[in-house]
Amino acid sequence: MASLPETMFAWRKHRGNPEPIWEEVPVPKPGPTGVLIKILASGVCRSDHNLLTNEKQAKWFQDKWILGHEGCGRIVEFGPEIKDTTFQVGDIVALYGVPGCGASDCPECSRDLPQICERGHHSGIGQDGYYAPYATIDIRGLVPVPEGVTPAEAAVATDAVNTAYHAIHKRGEVKAHETIFLFGLGGLGFNALQVIHNIGARVIVSDIRQQRLDEAIKLGIPEEDIVPVGKSPAEFVAEKGLYIDTVADFVGTHQTFQDAQQIVRRGGKILCVGSIDSENTVHMHLGTRKRLSFIFTYGGQVGDLRDVLDLIAKGVIKPQVAPGKLEDFPKVLKALRDGEVDARVALLQEG
């Protein structure tokens, strides 16, 4: 194996500075149960902007840390306590960025909720992540990448697809006989549409961009189930005489959250995924009279990621991802925020 460099350049967040900093840092070394990864692809997410600009963050956030929470790479080195593993140096793996601490006394990991564990490492979320040539991760966060899945697809699968899959299957518990109303066909929403479509549920789709609605039609969504741009969702549902079992809001604006409460049927569910507006209003009397369930979700789990990668390998889910370069991260993030990117961008590096 070629010798590793001692330093590398990475995109870092400095507390108090809303702009990413490209600077030289040491190449990390794996901890006792850690694995050193040569990064091949790292996905750019809208939440990177929030992580850069919002200083009111969780207690584990460091003063300086490497951005990037979606990753795929090649195994370079194992930590000293890793003895019995099916992984080998050279394997291509998807990186589940928040594997939790894994402790039996952890309030979250003990309930199989590693994605909200506060003790473990949070790659690219307040602690070092994947906008760099090398990264480390606990071995519990590795998932093999099947043949036929590209590093770019595997990288965005760790969040953009995994979060959508977990939301629809685990939190929303969507069933084939249901009718779902989906707000938003961005990086997560279009993946959610494919997940729902694969389940077999009827899905009504709303987006403010006609080109995204055209993509839904190409996927096989009937035109009569597409809400025309500018059409009121409430009017559309009323005119069609629809009973909406679950609203999946992958936008999270004041308008979509209000519309969701109006259009969902009595006893229905509102699945809250997007959060463009950080605060929204629950109409208490409406929610009480209709006996609504408001369900929030965050991330996914390692088992979900295995399922997601298998579905991608089988062609059931086809992530929309465009290539980019690591050094262009600020430009890519701006393009994503400005709506110039339809879905996701993966920053590619040579292996």
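Summary of computed values
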| read-out | value |
| --- | --- |
| Residue match in the range 241-258 (condition: among the β-branched types (Val, Ile, Thr), at pLDDT 95 or above, surrounded by fewer than 16 Cβ atoms within 10 Å (Cβ to Cβ) and not in a helix (DSSP H, G or I)) | no |
| ARG202 being at pLDDT below 95 and closer than 22 Å to PHE257 by Cα | no |
| Within the range 281-300, considering residues that are within 20 Å of GLY186 (Cα to Cα) and in a loop (DSSP other than H, G, I, E, B), the one nearest to the chain's Cα centre (by Cα) | GLY299 |
| Pairs with Cβ under 7 Å, 6+ apart, first in the range 167-182 and free of Cβ contacts under 8 Å to residues at least 60 places away in the same chain, second in a helix (DSSP H, G or I) and surrounded by fewer than 18 Cβ atoms within 10 Å (Cβ to Cβ) | ALA176/ILE199 |
| Selection from the range 301-324 of residues that are small (Gly, Ala, Ser) and part of a helix (DSSP H, G or I) | GLY303, ALA313 |
| Every pair of residues 6+ apart whose Cβ atoms lie under 9 Å, when the first sits in the range 88-108 and is over 28 Å from VAL149 (Cβ atoms) while the second is of a type in the set (Phe, Trp, Tyr) and surrounded by fewer than 13 Cβ atoms within 10 Å (Cβ to Cβ) | none |
| Conditions (1) touching a residue at least 40 places away in the same chain (Cβ under 8 Å); (2) surrounded by 13 or more Cβ atoms within 10 Å (Cβ to Cβ); (3) outside any strand (DSSP E or B); number of the one not met by GLN211 | (2) |
| Subset of the range 301-319 [under 20 Å from ALA343 (Cα atoms) and more than 14 Å from the chain's Cα centre (by Cα)] | LEU311, ILE312, ALA313, GLY315, VAL316, ILE317, LYS318 |
| Conditions (1) within 30 Å of TYR131 (Cα to Cα); (2) not in a helix (DSSP H, G or I): number failed by GLU327 | (2) |
| Condition broken by ALA58, with the remaining ones in (1) modelled with pLDDT under 95; (2) under 21 Å from the mean Cα position of the chain (by Cα); (3) farther than 25 Å from ALA167 by Cα satisfied | (3) |
| Hey, ILE217 in contact with a Leu (Cβ under 8 Å, 6 or more places away or on another chain) and at pLDDT 95 or above or not | no |
| The range 15-60, subset in a strand (DSSP E or B) and without any contact (Cβ under 8 Å) to a residue 60 or more places away in the chain, residue surrounded by the fewest Cβ atoms within 10 Å (Cβ to Cβ) | GLU24 |
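So that you can scan it fast, the table gives a plain yes or no per residue for (1) more than 20 Å from TYR96 (Cβ to Cβ); (2) in the same structural domain as GLY148 (by TED's automatic domain parsing):
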position	(1), (2)
ILE270	yes, no
SER275	yes, no
LEU286	yes, no
VAL308	no, yes
ALA322	yes, yes
LEU326	yes, yes
LYS331	yes, yes
GLY339	yes, yes
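The values are calculated or read from the model by the stated rules, or taken from the named source; none is laboratory data. None of these values were measured; they are calculated from a predicted model. So basically every Cβ, Gly included, is an ideal-geometry build from the backbone, and we count neighbours across all protein chains shown.
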